[in-house]
Amino acid sequence: MSPDSPLAADVCPSPNHGERRGPIDAIVLHYTGMPTGEAALALLCAPTSEASCHYLVWEDGRITQLVPESRRAWHAGESFWAGETDLNSHSIGIEVVNPGHNGGAPPFPDRQIAATIALTRDIAQRYDIRPERILAHSDIAPLRKRDPGEVFPWPRLHAEGLGHWRAPAPIRPGPVYEQGAMGPPVAALQALLAAYGYEIEPTGLYDDRTRATVIAFQRHFRPEKVDGLADVSTVETLHALLDDLRGPAA
């Protein structure tokens, strides 16, 4: 196996992959969530783990390829985004070595993020992947996953032309919707989240799925305060992101 990206320094083949069932049109970013990168690599290459990714980015910026890009790596699990239910088939998975929330959520080193940006750019250019299709694992599986977490520097990627981002609206007093709330405003919020790509139905009930989805949105787009409450800042930020995708009014 030879690296698909010229940025990969080495290859450690994982047996955990299969046939793709659709074209590559997304990139999913993860943290490893384990104490060391070596432990994560061992897990991702163990036949019994049933987990893998295409690339692993180490703290020093070194990049290891585990699965050929042409193959369906097992990194996303049960997932959904904008109507797609098999993100493994449609995406390239990048694991960034970091112990994650259980390890204290330390910052990602500059060299590691620079390498992640370079790799993401290389993949996005080769497959013509749109910025809004560069996703967090928590975006596509909000009930299960938290990675790469609120300390991941999405604004830095956006400054390099990668990923969708808007400066979050200021946190200020105003209406707040929380778990248990009901009614048309909640249904409207759910419809906005679904329009952006999240898996949620406009039921009008602020249930567990709604709270988890709001948390996922905040982790990615309003990391200053991740509490699962749909406050003015969260809703205004969501509106601004959707306005970007819709383009200028006719």
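The values are calculated or read from the model by the stated rules, or taken from the named source; none is laboratory data. Small disclaimer: the values here were computed from a predicted structure and weren't measured. All Cβ positions, even for glycine, are placed from backbone atoms using ideal geometry, and neighbour counts span all protein chains on display. To get the accessible areas, we keep the full protein, side chains included, count just its heavy atoms, and leave off ligands, DNA and RNA. Shrake-Rupley method; radii C 1.70, N 1.55, O 1.52, S 1.80 Å.
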Residues that are within 22 Å of L157 (Cβ to Cβ) and out of contact with any Gly (no Cβ under 9 Å at 6 or more places or on another chain), drawn from the stretch 67-94: E69, S79, S91, I92, G93, I94
Note on the stretch 147-174: residues over 22 Å from E132 (Cα atoms) and touching an Asp or Glu at 6+ places or on another chain (Cβ under 8 Å) are I171, G174
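Is it true that some residue in the stretch 2-14 is outside any loop (DSSP other than H, G, I, E, B) and either surrounded by 16 or more Cβ atoms within 10 Å (Cβ to Cβ) or free of Cβ contacts under 8 Å to residues at least 40 places away in the same chain (or both)?
Let us first name the residues in the stretch 2-14 that are outside any loop (DSSP other than H, G, I, E, B), namely 10-11.
Right, trim to either surrounded by 16 or more Cβ atoms within 10 Å (Cβ to Cβ) or free of Cβ contacts under 8 Å to residues at least 40 places away in the same chain (or both) and you get none.
The answer is no; no qualifying residue exists.
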Can you report the number of residues in the stretch 53-76 which are open to solvent by 40 Å² or more (accessible area, probe 1.4 Å), assigned to a loop (DSSP other than H, G, I, E, B) and not aromatic (F, W, Y)? 4
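Let's see how each residue does on (1) closer than 26 Å to A42 by Cα; (2) touching a Gly at 6+ places or on another chain (Cβ under 8 Å); (3) touching a residue at least 60 places away in the same chain (Cβ under 8 Å):
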site: V96; (1), (2), (3): yes, no, yes
site: P106; (1), (2), (3): yes, no, no
site: R126; (1), (2), (3): no, no, no
site: A141; (1), (2), (3): yes, yes, yes
Please enumerate the residues belonging to the stretch 33-47 that are crowded, with 18+ Cβ neighbours inside 10 Å and more than 20 Å from P68 (Cβ to Cβ). G33, M34, G37
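Quick test for you: out of A124, A188, pick the one residue that is open to solvent by 20 Å² or more (accessible area, probe 1.4 Å) and not basic (K, R). Walk me through it before giving the result.
Working: A124 fails: open to solvent by 20 Å² or more (accessible area, probe 1.4 Å).
Of A124, A188, the one residue that is open to solvent by 20 Å² or more (accessible area, probe 1.4 Å) and not basic (K, R) is A188.
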Give the residues of the stretch 151-163 that are touching a residue at least 40 places away in the same chain (Cβ under 8 Å) and either assigned to a helix (DSSP H, G or I) or surrounded by fewer than 20 Cβ atoms within 10 Å (Cβ to Cβ) (or both), sorted by residue number. V151, P153, W154, R156, L157, E160, G161
Just one of (1) assigned to a loop (DSSP other than H, G, I, E, B); (2) under 20 Å from R219 (Cα atoms); (3) among the hydrophobic types (A, V, I, L, M, F, W, C); (4) in contact with a helix residue (DSSP H, G or I) (Cβ under 8 Å, 6 or more places away or on another chain) trips up A105, so point out which. (4)
Every listed condition ((1) in a strand (DSSP E or B); (2) of a type in the set (D, E, K, R); (3) surrounded by fewer than 16 Cβ atoms within 10 Å (Cβ to Cβ)) holds for E50 save (1)
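Which ones in the stretch 208-222 are open to solvent by less than 20 Å² (accessible area, probe 1.4 Å) and either touching a Cys at 6+ places or on another chain (Cβ under 9 Å) or more than 20 Å from E132 (Cβ to Cβ) (or both)?
From the stretch 208-222, those open to solvent by less than 20 Å² (accessible area, probe 1.4 Å) are 210, 212-214, 216-218, 220-222; that's our starting set.
Passing the criteria: T210, A212.
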